[in-house]
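Notes follow once the structure below has been shown.
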């Protein structure tokens, strides 16, 4: 179906989640190669980690396609030798942890739900696990098949426990074994946003016990989730293959805009990006591709609204300032409002920490600027509030670091603060000026 002009504009900066879009991953060749190698190694558990907004989920989706046998991305990156042949290809299941998942038990149930939707009536060699249109029908069919398979074992039927009587982990292990036995293909579970789990107790031990020649897991999460996982079962460290997704450089960020421009051209939408718009979008993103997507799309729509055929630097600047109104940045806007509340001094302290040039922020240096140039005589209580969950817990002292150093829990939120206007008039300009003055 042909896309409307509006649809084309809305999709120009979409994150890549299609097997046919390898051009989005030109800057991730090293990570793709490392992850594909890890999929080939028996007993390994690839771990995709990094800050938010760096495209970890899109990368994990591409790894699902590669595991199924897709070669478009491998060809584009000139690493065709890592492709999986017919007998090596996985049957993958992709699940995303949600706030409601909470713990290991909730995650296991999600994995069971995904595995139970396997259509056991399809036994072709190129079968790919997928969600069926009618969950009730497919689930009923699957359960009947499971019960029927149980009677084929060399154990009297009455002596065997019903599938429904298994514990959750037993159900998942049984389902996994049945899928392997039925399709003669290994199974891959990709677990996205592991960091959303409030309690990972049990996860590492289960992965270690379940991983085999025929079963593999890929974990995806922010950097801090690694420590939480290892705390549960230290021996899994020997099988983990951590692959860090780093910030993008300006060339890679610029390629996102070039890809969007090419997409517009292919769909006969005559809107281009000026040099100043490209520089403005790339510069404001500070290495985060998510910000290029959000600011770039907003700037594109602004040019369309004014009837111009080119996105200008002013469009990029306006899009940056209007980030708090973007539905895509709603989470940041809500957190910011909860922090500031009715305190211009707390907003000043928050912005002072965000304006420090490096990830590691020395409190003594920031305090000095706050006291001497921003008229916050006692910043310490406000800093303590910023570490409190009631105010979002946005800064913290990294383990093993000096007590006088803090970091933002989400580095992209730090960038968001610098890009957007303050709630209290003049706070943003005063803080910027204070840190620019020699």
Q: Determine the distance separating the Cα centre of segment 287-345 from the Cα centre of segment 50-99; give it in Å without decimals.
A: 31 Å
Q) Gain in length, residue 96 to residue 436, computed as 0.36 nm per residue apart minus the alpha-carbon separation, to one decimal in nm? A) 118.2 nm
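Mind ranking 263-270, 382-389 by how tightly packed they are, going by the mean number of other C-beta atoms within 10 angstrom, highest first?
On the way: 263-270: 13.8, 382-389: 15.6.
With the highest mean Cβ count within 10 Å placed first, the list reads 382-389, 263-270.
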(Q) Rounded, prolate or oblate, given the Cα gyration tensor of segment 286-391, with a/c below 1.5 counting as rounded? (A) prolate
(Q) Rounded, prolate or oblate, given the Cα gyration tensor of segment 333-436, with a/c below 1.5 counting as rounded? (A) rounded
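Please label the shape of segment 252-321 as rounded, prolate or oblate, based on the square roots a ≥ b ≥ c of the eigenvalues of the alpha-carbon gyration tensor (a/c under 1.5 means rounded; beyond that, a/b larger than b/c means prolate, else oblate). All intermediate terms of the calculation are to be shown ahead of the outcome.
Values: a/c = 1.90, a/b = 1.22, b/c = 1.56.
Verdict is oblate for segment 252-321.
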(Q) Give me 90, 321 sorted ascending by neighbouring Cβ count inside 10 Å, so fewest comes first. (A) 321, 90
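Throughout, read-outs are computed from the coordinates displayed, never taken from laboratory work. Since the structure is predicted, the reported quantities are computational estimates derived from the model, not experimental observations. Note that we place each Cβ from the backbone using ideal geometry, even for glycine, and neighbour counts take in every protein chain shown.
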